[in-house]
Amino acid sequence: MGPHRLAALLSHFGSAQAVLSASSSQLHRVAGIPSAVIASIRATDAAAVPAILDEAAQAGQSLLIPPSPDFPAALRSIPDPRCCSGHAVSCSFLEAPAVAIVGSRDHSRYGEEIARELAIVAARAGIAVVSGMARGLDAVAHQGALDVGGPTIGVLGCGVDVMYPRQNAELFRRMYLGGVLLSEHPPGGRPDSPGAFPRRNRLISGLAQVTVVVEAADGSGTMLTVNSALEQGREVLVVPGPVNSPTSRGTNRLVRDGATPLLEPKDLLRLFGATASAATPTSAAAHVVPPCTLSPTEARVFDALGPVGMHVDELALAIGLPVGELLATLLGLEIGGLAQSLPGAQYRRAARA
């Protein structure tokens, strides 16, 4: 049921309970409510609602209703705010200034580096990073914010207790411990309902004052989020990409058609009135003293690693080690939980280091 039909029913009957208690003939008196919707309303078991709410509460979820003062202020301004369920470490994340970082699932290394850097810069400045918990650049953006202890909000196209996609299991665990998960779906809601992800995309852009598109191919679903942001009157920034990259064709077309290009992270901070100096590290992911158990070589490599992936050739050049010796040292740090390998022969400091 869409927001207009829901509003018409609530206006006519005065409450959801009254709608569920109405007879078919009473429901037919409301203009614009088709018989199929009336049949669904009549088939609804109102007695099951408390059990659904209890199930959500037991799972640590909250129900956010538009008239409630707890409902995110940013979502009140979108055309069709609806009830949401959420799992939050801190509800203050929902009221923080926010940027949506979105992009391709099948991204390039360039896109991954940019999305991660933007998420880290934003999170360090206290700007919440919003994305859709999908594989690809969504996951990169969330992980970047989590790695520096910053606020991040994941908007789902399923219930907040449904792990989708499965390959993001570790990200879900981290979000439960350090972020916010938000959804319009009830507990157990599957990600296969019609229109679930376009509706999710309007929440991503609605929660954020600025949407940044890092990479998007032609016809990418990311463009749905861009359209939602524009319809909601939100700022859209686009990261230009290589002209021969399929994953940047959509973003480059946006720039060609007049979208504002994002050329450096400071461009994003300026929109929020923040500065690079305000974006100080907030977690152990930066300026960490190497463990005293490391050898001198391990300590040099550990000190050279940062929260953003660095190619092994760059590392070797930066610290003056042969690549073979560097790889052996990195392997030892990785086994010890101090370094993390990334696709493309890149390494970064492990989040917990």
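The values are calculated or read from the model by the stated rules, or taken from the named source; none is laboratory data. If you're wondering where the values come from, they're calculated on a predicted model, not measured in any experiment. Virtual Cβ from ideal backbone geometry, glycine too; neighbours counted across all protein chains shown. Calculation scope for accessible area: heavy atoms of the full protein, side chains included, ligands and nucleic acids excluded. Shrake-Rupley method; radii C 1.70, N 1.55, O 1.52, S 1.80 Å.
Please report the accessible area of residue 23 (heavy atoms, 1.4 Å probe, ligands and nucleic acids excluded) in Å², nearest 10.
Rounded to the nearest 10, the figure is 40 Å².
From the residues 128, 171, 21, which one has its Cα farthest along the dipole of the chain in the positive direction, the dipole being from +1 and -1 charges on Cβ of Lys/Arg and Asp/Glu about the Cα centre?
Result: 21.
Which order do 68, 35 take when ranked by solvent-accessible area (1.4 Å probe, heavy atoms of all protein chains), largest first?
Heavy-atom accessible area, descending, gives 35, 68.
Evaluate the relative contact order of the chain (contact order divided by residue number), counting alpha-carbon pairs under 8 angstrom at least 6 apart; express in whole percent.
14 percent
With point charges of +1 on the Cβ of Lys and Arg and -1 on the Cβ of Asp and Glu, referenced to the Cα centre of the chain, which listed residue (299, 255, 140) lies farthest in the positive direction of the dipole?
It is 255.
Quick one: what do you get for the chain if you divide its Cα Rg by 2.2 N^0.38 Å?
1.12
Spin-label point model (7 Å from Cα, Cβ direction): what's the residue 35 to residue 163 distance in nm?
Going by the 7 Å Cα→Cβ label model, 4.6 nm.
Hey, got the dipole for the chain? About the Cα centre, +1 on K and R Cβ, -1 on D and E Cβ, debye to the nearest 20?
Dipole size: approximately 720 debye.
At 1.4 Å probe size, with every protein chain present, just tell me what the per residue accessible area of the stretch 1-51 comes to in Å².
Roughly 62 Å² per residue, with all protein chains present.
In Å, what is the Rg of the alpha-carbon atoms in the stretch 210-257, and how long is Dmax?
10.1, 32
Residue 300 accessible area, nearest 10 Å², 1.4 Å probe?
110 Å²
Of all DSSP beta bridges in the chain, what percent run antiparallel (nearest 5)?
40 percent
Tell me, what is the FRET efficiency for residue 77 and residue 328 to the nearest 0.05, using R0 = 41 angstrom and their Cβ-Cβ distance as r?
Once rounded, the FRET efficiency stands at 0.15.
What does the stretch 72-146 give for Rg and for Dmax, in Å, if only its C-alpha atoms count?
13.2, 37
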